[in-house]
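First comes the structure, then the notes that go with it.
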Amino acid sequence: MKQVLLALGLLLLTMAVYYWVNNRFVPKNGGILTLTEKQILFEVPDDILVETEKEIKIKAKHEKGKIVSFSLNLNYKPGEIKIISVEVNKEIFNSGVEATIDENLGKILIKGRCEGEKEMLVNEEVVLGILKIKGVKKGETTISADKAPAIEVWDGEKITEESFQLSDFKLKFL
């Protein structure tokens, strides 16, 4: 009986040490690690009914500079989703605007450039464009980046091209 209690005690001690070691370096923001300095976000409705048209806002966030141009190449599965239209935010990006959809290959190109008063731009989230979509069939699908986004940022003195994080995002159709 002593051997069983000793083994149980040793097991509990091992579990306590394992728990302590793995939770020592948990971030203070509720356990969620986020990259907030340079990222591209998608404002997506949670669940979308099939054959219902919805809008997805594509946003970029840069805390230390102002976004002056961008170019995004996205992939999707044409059999699962229909891209109705792609629009660039022309209030900010008023030059070099291009928004194309290749339904056969499942590719989207969206790009634009800001010409004019760069002092009027903001460092916060900026809407780059809007995708209008419609689900073709029930289930989940993913829209992913074909290659790294090309984004230029103005820091008040010069324009530099910076690398932004663009994660794949899932859409769920009911």
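The values are calculated or read from the model by the stated rules, or taken from the named source; none is laboratory data. Only a predicted model underlies this, so the values are computations on that prediction, with no experimental measurement involved. Cβ atoms come from the backbone with ideal geometry, glycine included; neighbour counts cover every protein chain shown. Only protein heavy atoms, including side chains, enter the accessible area calculation; ligands, DNA and RNA are left aside. Shrake-Rupley method; radii C 1.70, N 1.55, O 1.52, S 1.80 Å.
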Pick from 77, 61, 111: which residue has the top mean-square fluctuation in a GNM of the chain where Cα pairs under 10 Å get a spring?
77
For the chain, set up a Gaussian network in which alpha carbons nearer than 10 Å are linked by springs, and say which option among 94, 73, 104 fluctuates the most.
104
Given bins 10 angstrom wide, list per bin the percent of all Cα-Cα distances in segment 54-174, short to long.
13, 45, 29, 12, 2
SASA check, residue 55, accessible area w/ 1.4 Å probe, all protein chains in place, rounded to nearest 10 Å², comes out at 90 Å²
Roughly how tilted is helix 2-22, in degrees to the nearest 10 and between 0 and 90, from the longest Cα axis of the chain?
20 degrees
Estimated [θ] at 222 nm from DSSP helical runs (n ≥ 4, -39500 (n - 2.57)) normalised by residues in the chain, nearest 500
-4000 deg cm²/dmol
Setting aside same-chain residues fewer than 8 positions from residue 57, which aspartates and glutamates have a Cα under 18 Å from its Cα?
43, 46, 47, 87, 91, 98, 124, 125, 168
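In whole percent, how big is the carbon plus sulfur part of the accessible area of the chain, probe 1.4 Å, protein atoms only? Intermediate results must be reported in sequence, preceding the final value.
Values: 5940 of 11180 Å².
About 53 percent, which is the carbon plus sulfur part of the accessible surface.
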Among segment 91-114, those whose backbone N falls under 12 Å of a label point 7 Å along Cα→Cβ from residue 43 are none
If I build a Gaussian network model for the chain, linking alpha-carbon pairs within less than 10 angstrom, which residue out of 117, 87, 53 has the largest mean-square fluctuation?
117
